[in-house]
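Contents: one structure, followed by commentary.
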Amino acid sequence: MPRRTPATGPAVPDAPPRPAQQSLVMGIWDHIKNSGRFEADTLTLERVGSLPGKREYRRFVGDHTLPQQDILQQRQFEDRVAFGRWSVDLHPVAGMYAEGPGARQRHADGIFHIPLRCLYSVDVDNLLFAGRNISATHIAFGATRVMATCATYGEAAGTAAALCVRDGIPPPPDSSPAGDPACSPMPELVRHYRLQALDARDVWRTVVTERDNRRHRVHRFDGNGLRGVRALRLRVDATHGARHARVVAVRAY
């Protein structure tokens, strides 16, 4: 079986049972139609979706994980291949049962761009993303998830796949020109680091040394590489300019 790219974000909670959702819809319609608070005498309910859909979604990890800052600041990417205009649109986990606002929205001053690096896997060969599963944070996903935006990067992924087939090369193409400020890593990204393991003798030993990192990294070890290891730790030696590093997650499998 092929390896699966780690999904970002929390597990997607189960939706309420279908009959419960339908009863909510009908209750709301009854209130609109019969409460007298709305001009609904001539309104009819034409149709209701038959299957529940989850707004939240699994997202996979690419060479660049799109954060909300890229959207709200309208970051210009050299390898931009798609665009969106939807707001960063976040809804409460409790859905209709939430006591607070039904949505919180933040708008960019125009369109935002999506780079090609969000559309291919960082650790699975020959894999492109072409839907709501592109590499983005939970908050950025609030803007990238809508269908019209999905259509733009779906077309981009299809075009990239066709070009790879035509030229006989696997994805990704070289989409991060060296020295290009538009494609430079964020300052808080870890640049130099060491992965260390605590062995059975309570000694920390370095098992990975990485320099000039510009992307998410996956390190694999053979069956004996970490035998007897009791713990792992990440030692950050330098960032790309910020005083403090941003480490979103360290996963061990």
Counting only residues 5 or more apart in sequence or on a different chain, those whose built amide H sits under 5 Å from that of THR137 are LEU66
Sequence order, region 197-209: Karplus ³J(HN,Hα) from phi using 6.51 cos²θ - 1.76 cosθ + 1.60, θ = phi - 60°, Hz rounded, Gly and Pro as x, gives 10, 8, 8, 5, 8, 6, 10, 7, 10, 7, 10, 9, 10
With -39,500 (n - 2.57) per DSSP H segment of 4 or more residues and division by the full residue count of the chain, the 222 nm estimate, nearest 500 deg cm²/dmol, is -6000 deg cm²/dmol
Most exposed first, judged by fewest Cβ atoms within 10 angstrom, ILE28, ILE71 run ILE28, ILE71
For region 132-139, in residue order, the Karplus 3J(HN,Hα) values (coefficients 6.51, -1.76, 1.60; θ = phi - 60°; whole Hz; Gly and Pro = x) are 5, 8, 5, 6, 8, 6, 4, 6
Other residues with Cβ under 13 Å from the Cβ of ARG230 give, with Lys and Arg +1 and Asp and Glu -1, a net charge of +2
For ALA82, the residues 5 or more places away or on another chain with a placed amide H closer than 5 Å to its own amide H are ILE114
Expressed in Å to one decimal, the Kirkwood Rh of region 185-239 from all distinct alpha-carbon pairs is 12.2
Karplus-derived 3J(HN,Hα) from phi for region 110-121 (6.51 cos²θ - 1.76 cosθ + 1.60, θ = phi - 60°), whole Hz, x at Gly and Pro, runs x, 7, 10, 9, 10, x, 4, 5, 7, 10, 9, 6
With 0.36 nm assigned to each residue of separation and the Cα-Cα distance removed, ARG235 to ASP202 gains 10.2 nm
For VAL207, other-chain or 5+-apart residues with amide H closer than 5 Å (H placed, Pro excluded) are LEU195, GLN196, ALA197
Connecting every pair of Cα atoms under 10 Å apart in the chain and solving the GNM, the largest mean-square fluctuation among LEU51, LEU119, LEU198 falls on LEU51
Checking rank on 38-48, 129-139, 96-106, with mean other Cβ inside 10 Å and highest first, the result is 129-139, 96-106, 38-48
Shape call for region 79-120, from the Cα gyration tensor axes a ≥ b ≥ c (a/c under 1.5 means rounded, otherwise prolate when a/b beats b/c, else oblate), comes out oblate
Under the rule rounded for a/c under 1.5, else prolate if a/b exceeds b/c, else oblate, using alpha carbon gyration tensor axes a ≥ b ≥ c, the chain is classed as prolate
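Values quoted throughout were computed directly from the atomic coordinates according to the rules given, and no laboratory measurement underlies them. None of the values given here were measured: they were computed from a predicted structure. Neighbour counts run over all protein chains shown; Cβ positions are idealised from the backbone, glycine included.
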